[in-house]
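Q: Before anything else, here's the structure in question.
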Amino acid sequence: MNKSQVAIVTGAARGIGAATAQRLSRDGYAVAVVDLDEAACGATVSAIEAAGGRALAVGCDVSDAAQVEAAITRIADELGAPVVLVNNAGIIRDNLIFKMTESDWDAVMNVHLRGAFLMTKACQAFMTQEKFGRIVNLSSSSAQGNRGQANYSAAKAGLQGFTKTLAIELGRFGVTANAVAPGFIQTDMTAATAERMGMPFEDFLTAAAKQIPVQRVGQPDDIAAMISFLCSPEAGFVSGQVIYVAGGPLD
Ligand code: NAP
């Protein structure tokens, strides 16, 4: 792998994004670690540098067009043209539909859908010019419907349609687009869900594991491994797919 190739991972300060940034660095990419707060990206950047990789911390709200434009310009100037984009930044604002506010709805749509749109639009310009690109969008098993997540499930289902359209439009330029749809992964996001449900996180993990065919919850590295494959040059004939990584069958 050419060391100068550049990958961008959003929401990479922690959780799945942090594991993915580190994995892509091990794969040979220079990695832009993008998150809301630049200082919060420090731990991921330090871990990458300690392992001998190259990384840049970039503070950016992916739902803000001006911030996205500034971030992509900075990444291209300081690291090089991005050819890999992992749209991972995400939030939850769970509530049953009768209690869900407009701001719960808009916040989730803005980060997941508007954020993926803005980041992808900016990055595809480099990818099409390079005649190589890999886009991976984080969907979710919740795309199939999940109590309390009308906003999140709609956004994650929306990302699947977005992904398939990117695959159709960008394939001729050597750019693939795929969605990875995790099941239950042990991160701060699922810890927040446990808290909302008034359950100790350990109990929540144990209960979740019992429902999963492989009898364990997922870890961020489980998702990073799939993203790594989809971003590799050898995955060039896999495009427009939604790959559930959930410890059991989903489709
Ligand atoms: P996480 O631990 O909550 O991390 C998400 C990261 O995204 C945080 O660092 C957060 O920053 C950042 N972020 C939020 N809004 C942003 C914005 N507007 N611009 C830039 N960064 C932003 O989540 P995770 O569990 O690793 O999940 C990562 C992705 O996988 C998400 O898209 C999620 O929906 C998806 N997913 C997760 C699971 C799961 O079980 N964990 C399952 C299916 C899908 P702050 O800390 O500053 O908010």
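Please treat every number below as a calculation from the coordinates, not as lab data. Model, not experiment: these values are computed from the prediction. Here Cβ is always computed from backbone atoms with ideal geometry, including for glycine, and neighbour counts include all displayed protein chains.
Q: In degrees, nearest 10, range 0 to 90: what is the angle between the Cα axis of helix 220-231 and the longest Cα principal axis of the chain?
A: The helix 220-231 is inclined about 40 degrees to the chain.
Q: Now for a different question. Of Ala208, Ala55, Ala30, which has the largest mean-square fluctuation in a 10 Å C-alpha GNM of the chain?
A: Ala208
Q: Springs between alpha-carbon atoms under 10 Å, Gaussian network over the chain: tell me which of Thr101, Thr20, Thr120 tops the mean-square fluctuations.
A: Among Thr101, Thr20, Thr120, the largest GNM mean-square fluctuation belongs to Thr101.
Q: Still on this model: With each label point set 7 Å from Cα along the Cα-Cβ vector, what nm distance links Ala107 and Ala235?
A: Each label point lies 7 Å from its Cα, and together they span 3.0 nm.
Q: I would also like to ask the following. Return the aspartates and glutamates within reach of Lys121: Cα separation strictly under 17 angstrom, same-chain partners fewer than 8 residues apart disregarded; answer none if there are no such residues.
A: Straight-distance partners of Lys121: Asp61, Asp64, Glu69, Glu130, Glu169.
Q: Based on the Cβ-Cβ distance of Lys210 and Lys99, what FRET efficiency does E = 1/(1 + (r/R0)^6) give at R0 = 22 Å, to the nearest 0.05?
A: After rounding to 0.05, the efficiency reads 0.15.
Q: Rounded, prolate or oblate: which one fits region 48-157, using the alpha carbon gyration tensor with axes a ≥ b ≥ c (rounded when a/c is under 1.5, else prolate when a/b beats b/c, else oblate)?
A: Prolate, because a/c is 1.5 or more and a/b exceeds b/c.
Q: Also: With everything on Cα atoms, drop me the angle between helix 201-210 and the longest principal axis of the chain, reported from 0 to 90° to the nearest 10.
A: 90 degrees
Q: Pull up the cross-link candidates among the lysines for Lys99, meaning alpha carbon to alpha carbon under 24 Å and not fewer than 8 places away within one chain.
A: Qualifying lysines at Cα under 24 Å: Lys156.
Q: Given H placed 1.01 Å from N in the peptide plane, which residues other than close sequence neighbours of Ala32 have an amide H under 5 Å from its amide H?
A: Residues meeting the amide H criterion: Ala7, Ile8, Val9, Leu56.
Q: Fewest to most neighbouring Cβ within 10 Å: what's the order for Tyr29, Tyr244?
A: Fewest-to-most Cβ neighbours within 10 Å comes out as Tyr244, Tyr29.
Q: Right, here's the next one. Please arrange Leu159, Leu170 by how many other C-beta atoms lie within 10 Å of their C-beta, fewest to most.
A: Leu170, Leu159
Q: Can you compute 3J(HN,Hα) from phi for each residue in region 212-217, using the Karplus curve 6.51 cos²θ - 1.76 cosθ + 1.60 with θ = phi - 60°, rounded to whole Hz and x for Gly and Pro?
A: Whole-Hz 3J(HN,Hα) from phi for region 212-217: 9, x, 7, 6, 8, 7.
Q: State, in angstrom, two size descriptors of the chain derived from its alpha carbons: Rg to one decimal place and Dmax to the nearest whole number.
A: Considering the chain through its Cα atoms, Rg and Dmax are 17.2, 52 Å.
Q: For Ala192 and Glu78 in one chain, what is 0.36 nm times their gap in residues minus the Cα-Cα distance, to one decimal in nm?
A: Separation in residues times 0.36 nm, less the Cα-Cα distance, equals 37.5 nm.
Q: Still on this structure, I have one more. Which peptide among 103-115, 230-242 comes first, and what is the full order, when sorted by highest mean count of other Cβ atoms within 10 Å?
A: Put in order of decreasing packing, that is 103-115, 230-242.
Q: Using Cβ contacts closer than 10 Å as the measure, can you line up Met189, Met119, Met199, Met226 from fewest to most?
A: Met199, Met189, Met226, Met119
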